[in-house]
1. With farther than 18 Å from T114 by Cα, buried (at least 16 other Cβ atoms within 10 Å of the Cβ) and not β-branched (V, I, T) as the only criterion, which of A68, A49, A56, A26 stands out?
2. Under 7 Å between Cβ atoms, at least 6 apart or on separate chains: pull out the pairs that start in region 57-83 with a residue that is within 15 Å of L24 (Cβ to Cβ) and end on any residue that is modelled with pLDDT of 80 or more and of a type in the set (S, T, Y).
3. Within region 94-114, how many residues turn out to be farther than 25 Å from S53 by Cα, outside any loop (DSSP other than H, G, I, E, B) and within 15 Å of the chain's Cα centre (by Cα)?
4. Restricting attention to region 115-154, which residues are modelled with pLDDT under 90, more than 14 Å from L54 (Cβ to Cβ) and either under 13 Å from the mean Cα position of the chain (by Cα) or among the small types (G, A, S) (or both)?
5. Considering only helices (runs of 4 or more DSSP H) fully contained in region 1-73, which possess at least 2 residues that are under 23 Å from E120 (Cα atoms)?
6. Identify all residues within region 115-127 that are in a helix (DSSP H, G or I) and in contact with a Leu (Cβ under 9 Å, 6 or more places away or on another chain); write none if there are none.
7. Return yes when T137 is of a type in the set (S, T, N, Q), buried (at least 19 other Cβ atoms within 10 Å of the Cβ) and closer than 20 Å to L41 by Cβ and no when it is not.
8. Return yes when R112 is among the charged types (D, E, K, R), crowded, with 16+ Cβ neighbours inside 10 Å, under 29 Å from D20 (Cβ atoms) and modelled with pLDDT under 90 and no when it is not.
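The values are calculated or read from the model by the stated rules, or taken from the named source; none is laboratory data. This one's a predicted model, so the numbers in the text were calculated from it and none came from an experiment. In this analysis, Cβ positions are derived from the backbone assuming ideal geometry, glycine residues included, and neighbour counts consider all displayed protein chains.
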Amino acid sequence: MPRRFDTAFMHPPASGGAPDATLLAAVRAWCEAGAFAPMSLPLAVARVAPHASLDAVAGELDGSHALARLGRWRGLAWRLALWLRAPRPEDPWDCGWWRDDPAAAAAFRPRRPTLLLVREPAPRKLAALLDTLRGSTRSYSLPLRVLVVSALEAAEAPTIAPLPHPGDPA
């Protein structure tokens, strides 16, 4: 039986709304970098400014919008086809917001490529989450992307700024 979306670790994005095309392209490009054939980057962490379209972007990446367009039976057939074949880069990702549960973070293993959205946490909580996830990356067979939603300097286009690992040179 396939593993289900990890509701202990994250909750699904809010449904509805159209994604901002520029933000969607930026998030998709960042997520996919180093994620496939072969996976060279099992975990990547970055920051993005709050945006009203983030839930809609996650809904597009996780296939929720496609399922809504397909309808009940065609959507079910699509999901079954995804389950029966080997994963492909164009397949939906699991996307959700972090539930702020350290135990769930320790137990988490991606069932498919995953985008974890984190609302601006306290620095210590973020550091603990990232340390926990980094400690598990050797067991990840699929990519995990952590996008920290926090206030940044205003920019004309959505910018995804990588967060350096504490030991990395500046």
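1. Answer to the check: A49.
2. So the pair list comes out as G59/S15; S64/S15.
3. Of the residues in that region, 1 qualify.
4. Of everything in region 115-154, those that are modelled with pLDDT under 90, more than 14 Å from L54 (Cβ to Cβ) and either under 13 Å from the mean Cα position of the chain (by Cα) or among the small types (G, A, S) (or both) turn out to be A122, S139, S141, L142, A154.
5. 21-32, 54-61
6. L126
7. In short, no.
8. It is true that R112 is among the charged types (D, E, K, R), crowded, with 16+ Cβ neighbours inside 10 Å, under 29 Å from D20 (Cβ atoms) and modelled with pLDDT under 90.
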